[in-house]
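Participant: Structure provided below as structure tokens; questions to follow.
The values are calculated or read from the model by the stated rules, or taken from the named source; none is laboratory data. The structure displayed is predicted, hence computed values, not measured ones. In this analysis, Cβ positions are derived from the backbone assuming ideal geometry, glycine residues included, and neighbour counts consider all displayed protein chains.
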Amino acid sequence: MDSSPISVFSSLSGRKITMLYDGHETLKVRIESFDINVVKEVWLYTDFESLNNFFQELGNKKSKWEGCFEWKSIEGDFSISVICDALGKIGFKIALKGLQGDSEEWSVQVNIESDFSILEKIAKQSRKSLTVI
């Protein structure tokens, strides 16, 4: 399995999210820009296939759609929501949580706007990174 990252870049700013699957059970998620830098290890267990399917479904989109596509990790500490506006701009909402249930629980949510062409790129990256050979 190739350990290539899956990356989502903003078309408006330097913000990006990078997801790196370890080939076993965890995904390292990094959100970074001029104003934030967060890294979290997310346990996927066997759910890497559903994340790959989520990205493949997005990659198959050829035109604007209604509604929101969402994926959430088994433990609920990582989620991705994707929408498409009337002009074909893609909006990603990424949420990470840590120390859930602890007195020092934390959460981060960022939005990333990108162009429609990113969907096919992400699907290819996901196929390469999240598919068992």
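Participant: Looking at residue 48, is it among the aromatic types (Phe, Trp, Tyr) and modelled with pLDDT of 95 or more? Reasoning before the result, please.
Facilitator: Working: among the aromatic types (Phe, Trp, Tyr): yes; modelled with pLDDT of 95 or more: no.
Judged against the criteria, residue 48 is not a match.
Participant: In the set 77, 102, which member is out of contact with any Lys or Arg (no Cβ under 6 Å at 6 or more places or on another chain) and either surrounded by 13 or more Cβ atoms within 10 Å (Cβ to Cβ) or more than 20 Å from residue 124 (Cβ to Cβ) (or both)? Give the derivation first.
Facilitator: Numbers: 77 fails: out of contact with any Lys or Arg (no Cβ under 6 Å at 6 or more places or on another chain).
Step by step, each of 77, 102 is checked, and only 102 is out of contact with any Lys or Arg (no Cβ under 6 Å at 6 or more places or on another chain) and either surrounded by 13 or more Cβ atoms within 10 Å (Cβ to Cβ) or more than 20 Å from residue 124 (Cβ to Cβ) (or both).
Participant: Restricting the search to region 64-80, which residues are touching a residue at least 12 places away in the same chain (Cβ under 8 Å) and over 15 Å from residue 19 (Cα atoms)?
Facilitator: Kept after step one, since they are touching a residue at least 12 places away in the same chain (Cβ under 8 Å), are these residues of region 64-80: 64-65, 67-71, 73-80.
Those that are touching a residue at least 12 places away in the same chain (Cβ under 8 Å) and over 15 Å from residue 19 (Cα atoms): 64, 65, 67, 68, 69, 70, 74, 75, 76.
Participant: Same structure, new question: Residues that are in contact with a helix residue (DSSP H, G or I) (Cβ under 9 Å, 6 or more places away or on another chain), in contact (Cβ under 8 Å) with a residue 60 or more places away in the chain, surrounded by 15 or more Cβ atoms within 10 Å (Cβ to Cβ) and aliphatic (A, V, I, L, M): does region 4-13 have at least one?
Facilitator: Within region 4-13, one or more residues are in contact with a helix residue (DSSP H, G or I) (Cβ under 9 Å, 6 or more places away or on another chain), in contact (Cβ under 8 Å) with a residue 60 or more places away in the chain, surrounded by 15 or more Cβ atoms within 10 Å (Cβ to Cβ) and aliphatic (A, V, I, L, M).
Participant: Can I ask one more? Might you let me know whether region 66-73 holds any residue that is within 25 Å of residue 14 (Cα to Cα) and touching a Phe, Trp or Tyr at 6+ places or on another chain (Cβ under 6 Å)?
Facilitator: yes
Participant: Can you confirm whether region 47-56 contains a residue that is farther than 18 Å from residue 120 by Cβ, hydrophobic (A, V, I, L, M, F, W, C) and under 14 Å from the mean Cα position of the chain (by Cα)?
Facilitator: From region 47-56, those farther than 18 Å from residue 120 by Cβ are 47-50; that's our starting set.
From what is left, the residues that are hydrophobic (A, V, I, L, M, F, W, C) are 48.
Keeping just the survivors that are under 14 Å from the mean Cα position of the chain (by Cα) gives 48.
For region 47-56, residues farther than 18 Å from residue 120 by Cβ, hydrophobic (A, V, I, L, M, F, W, C) and under 14 Å from the mean Cα position of the chain (by Cα): present.
Participant: Report yes if some residue within region 44-61 is farther than 15 Å from residue 20 by Cβ, in a loop (DSSP other than H, G, I, E, B) and of a type in the set (Lys, Arg); otherwise report no. Lay out the reasoning, then the answer.
Facilitator: The first filter runs over region 44-61 and keeps only residues farther than 15 Å from residue 20 by Cβ, leaving 45-47, 49-50, 53-54, 56-61.
With in a loop (DSSP other than H, G, I, E, B) added as a condition, the list becomes 45-47, 60-61.
Now drop any that are not of a type in the set (Lys, Arg), which leaves 61.
Scanning region 44-61, I find at least one residue that is farther than 15 Å from residue 20 by Cβ, in a loop (DSSP other than H, G, I, E, B) and of a type in the set (Lys, Arg), so the answer is yes.
Participant: Name the residues in region 34-44 that are in contact (Cβ under 8 Å) with a residue 24 or more places away in the chain and either surrounded by 12 or more Cβ atoms within 10 Å (Cβ to Cβ) or closer than 15 Å to residue 7 by Cα (or both), would you? Walk me through how you get there before you give the answer.
Facilitator: Looking only at region 34-44, we keep the residues that are in contact (Cβ under 8 Å) with a residue 24 or more places away in the chain, and these are 36, 38, 40, 42-44.
Listed by number, the residues that qualify are 38, 40, 42, 43, 44.
Participant: Taking the criterion of being surrounded by 16 or more Cβ atoms within 10 Å (Cβ to Cβ) and among the small types (Gly, Ala, Ser), would at least one residue in region 14-30 satisfy it?
Facilitator: Checking region 14-30: not a single residue is surrounded by 16 or more Cβ atoms within 10 Å (Cβ to Cβ) and among the small types (Gly, Ala, Ser).
Participant: Between 92, 116, 48, which is in contact (Cβ under 8 Å) with a residue 12 or more places away in the chain, touching a Cys at 6+ places or on another chain (Cβ under 9 Å), surrounded by 15 or more Cβ atoms within 10 Å (Cβ to Cβ) and not small (Gly, Ala, Ser)?
Facilitator: Numbers: 92 fails: touching a Cys at 6+ places or on another chain (Cβ under 9 Å); 48 fails: touching a Cys at 6+ places or on another chain (Cβ under 9 Å).
One residue alone meets the criteria, 116.
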